[in-house]
Amino acid sequence: MTCQHDKRYVFGVVQKMCVLGLAAMAFLFASQVSAQTFPIKDKPVTIVVPFTAGGPTDRLARDMAEALRKPLGVNSIVVENVLGAGGAIATQKVARAAPDGHTILIHHIGMATMPALNRNPGFQVDTDFTFLGMIHEVPMTIVARPTMEANDYKQLSAWISKNKDKANLGNAGVGSASHLCGLLWQAAMKTELATIPYKGVSMAITDLMGGQIDLLCDQTSNTMAYIEGKKVKAYAVTSPKRLTQPVFSTLPTMQELGVKGFQISIWHGAYGPKGMSADTQAKWNAAMRTVLTDPAFVKKQQDMGAVMISDKRIEPAEHRKFVLSEINKWSPVIKAAGVYAD
Ligand code: ASP
């Protein structure tokens, strides 16, 4: 064996040892990563919201983000507004996120109405998500610009009949709750109005206050402050019974006004991507239950007309069942209205 050979032999052995060493390190690292459970230390937690900041979905998500920190055992939760396509862009983003519990979606009834309102939403509600539990339900209100001539619902419907060619109705995009409410309202009135889509109702209500648009149907949790401050005019609620909060108690229900079959309540829930571990799902659900029974959190939501979910739909399996039943409930209604985004 020459010296040259010796050197090559030693080099080869060292090379093999290095490769083996690296492989062992990689294995150790990989097993450490897979053993990491939610929450992963120092990794941010993000709640994705499908609409603009300042709207009702965003406000709920921000209240949840604040209240969830302690029960989840994390220092901060970031709220990310991912806008567009009536909520579909945000929903797609979460469907494709890592299922480690660090990215979740807070969304409303749009999870069930989007598949009928948009033939190609880019996600499958029943297979692309891990259901984490429902949060609350909120009725809608019919509101108009502050300069609207009508002083009650009867006068408003007379104004609409007279001005149907120029009256317009804002919404948060195809697939949003305000879009659905507008569809139901137009169907009940047997009138078609021009609709103006925004990327969230905070933008629509700004234009309503400024008189750029005439009408909007949106959650009480959004309209309350504007009605109280006389920045918009309110005409009716979509709940089966009148609401008890002073600001809403004078508003008639659609049933009282003789507008049959127009009842809608906007529910909200939380979702992770599919493939989340049962342990991570259980941690989120337990933290949400803590928040949903926290007196300060509950009072804040109730004051805005919301009703916290206290029945079995707080369970992920029941949440999933309910969303699928809502798809079956709303799809024929939406299809009958013949509205699609594409
Ligand atoms: N309330 C809105 C909707 O119409 C969404 C939002 O801006 O929160 O769906």
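The values are calculated or read from the model by the stated rules, or taken from the named source; none is laboratory data. If you're wondering where the values come from, they're calculated on a predicted model, not measured in any experiment. Here the Cβ is made from the backbone with ideal geometry for all residues, glycine too, and neighbour counts use every protein chain on show. Protein only, heavy atoms only, side chains kept; ligands, DNA and RNA dropped before computing areas. Shrake-Rupley method; radii C 1.70, N 1.55, O 1.52, S 1.80 Å.
Divide by every residue of the chain the summed helix terms, -39500 (n - 2.57) for each DSSP H run of at least 4, and state the resulting mean residue ellipticity at 222 nm, rounded to the nearest 500 deg cm²/dmol.
Numbers: 12 runs with 157 residues, N = 342.
One gets -14500 deg cm²/dmol as the mean residue ellipticity at 222 nm.
Over the chain, with every protein chain in place, what whole percent of the accessible area is carbon and sulfur at 1.4 Å, could you tell me?
58 percent
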Margin query: Only bridges whose two residues both fall in the chain count here: according to DSSP, what percent of them are antiparallel, nearest 5?
Written below: 60 percent
Notebook entry, point to check: What is the packing order of peptides 238-246, 171-179, 205-213, taking the mean over residues of other C-beta atoms within 10 Å and listing the highest first?
Noted result: 171-179, 205-213, 238-246
Note to self: If you split all Cα-Cα distances of segment 253-342 into 10 Å bins from zero, what percentages do you get per bin, shortest first?
What the structure shows: 12, 33, 33, 19, 3
Checklist line | Pairwise FRET efficiency - T290 versus T250, Cβ, R0 = 56 Å, nearest 0.05 | finding: 0.95
Next item on the list: Post the alpha-carbon centroid distance, segment 227-246 to segment 37-107, in whole angstrom.
Entry: 29 Å
Checklist line | Length gained when the stretch D152-N168 is fully extended (0.36 nm per residue, less Cα-Cα span) | finding: 4.0 nm
Item checked: S325 versus Q302: modelled label distance in nm, points set 7 Å from Cα along the beta carbon direction -> 2.5 nm
Notebook entry, point to check: Reported to two decimal places, what Rg/Rh ratio describes segment 154-227 when computed on Cα atoms with Rh from the Kirkwood expression?
Noted result: 0.94
Notebook entry, point to check: Once amide H atoms are built 1.01 Å from N in the peptide plane, which residues 5 or more positions from W267, or in another chain, come under 5 Å H to H?
Noted result: I109, V138
Note to self: Please state the shape class of segment 140-192: rounded when a/c is under 1.5, otherwise prolate if a/b exceeds b/c and oblate if not, all from the C-alpha gyration tensor.
What the structure shows: prolate
Check: Taking +1 at the Cβ of each Lys and Arg and -1 at the Cβ of each Asp and Glu, which of Q219, S277, I106 sits farthest along the dipole of the chain towards its positive end, judged by Cα position relative to the Cα centre?
Finding: S277
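So, for segment 35-113, what is the accessible surface per residue at a probe of 1.4 Å, expressed in square angstrom? Each step should come with its number before you reach the end.
Details: 2940 Å² over 79 residues.
Accessible surface, normalised per residue, equals 37 Å².
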Checklist line | Solvent-accessible area per residue for segment 170-266 (1.4 angstrom probe, square angstrom) | finding: 40 Å²
Notebook entry, point to check: If the cut-off is 23 Å between C-alpha atoms, which lysines fall inside it for K43, apart from same-chain ones fewer than 8 positions away?
Noted result: K70, K93, K274, K283
Next item on the list: Mind ranking K190, K312 by accessible surface for me, highest first, 1.4 Å probe?
Entry: K190, K312
Check: Which whole number of Å³ per residue matches the convex hull of the alpha-carbon atoms in segment 65-223?
Finding: 130 Å³
Check: Between Rg and the Kirkwood Rh of segment 33-97, both from Cα atoms, what is the Rg to Rh ratio?
Finding: 1.02
Notebook entry, point to check: Amide H to amide H, which residues 5 or more places from T103 or on other chains are under 5 Å from it, using H placed in the peptide plane?
Noted result: T46
Margin query: Could you work out how much longer the chain between K241 and I40 gets when fully extended? Use 0.36 nm per residue separation minus the Cα distance between them, nm to one decimal.
Written below: 67.8 nm
Item checked: Kirkwood hydrodynamic radius of the chain, from inverse mean 1/r over distinct Cα pairs, in Å -> 21.8 Å
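Quick one: which of K166/K233; K231/K335; K260/K335; K199/K233; K233/K321 span more than 27 angstrom between C-alpha atoms? List each step's numbers first, then the result.
On the way: K166/K233 19 Å; K231/K335 35 Å; K260/K335 19 Å; K199/K233 22 Å; K233/K321 37 Å.
Flagged as over cut-off: K231/K335; K233/K321.
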Note to self: Full-extension gain between S277 and A187, please, as 0.36 nm times their residue separation minus the C-alpha to C-alpha distance.
What the structure shows: 28.1 nm
Check: Taking the Cα centre of the chain as origin and charging only Cβ (+1 Lys, Arg; -1 Asp, Glu), how large is the dipole, in debye to the nearest 20?
Finding: 220 debye
Next item on the list: Name the helices (complete DSSP H segments) of the chain with a Cα length along the long axis of 30 Å or more and a Kyte-Doolittle mean of at least 0.0, or state none.
Entry: 3-35
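Just the projected area, averaged over all directions, of the convex hull on the alpha carbon atoms of segment 233-275: how many nm²?
That works out to 4.9 nm².
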Checklist line | Low-density loop cleavage sites - trypsin sites (Lys or Arg not before Pro) in segment 77-157, where at most 16 other Cβ are within 10 Å (DSSP) | finding: R96, R119
Next item on the list: Take segment 181-284, drop everything but the C-alpha atoms, weight them equally and run the Debye formula without solvent; then report log10 I(q)/I(0) at 0.11, 0.18, 0.20, 0.21 Å⁻¹ to two decimals.
Entry: -0.46, -0.95, -1.09, -1.17
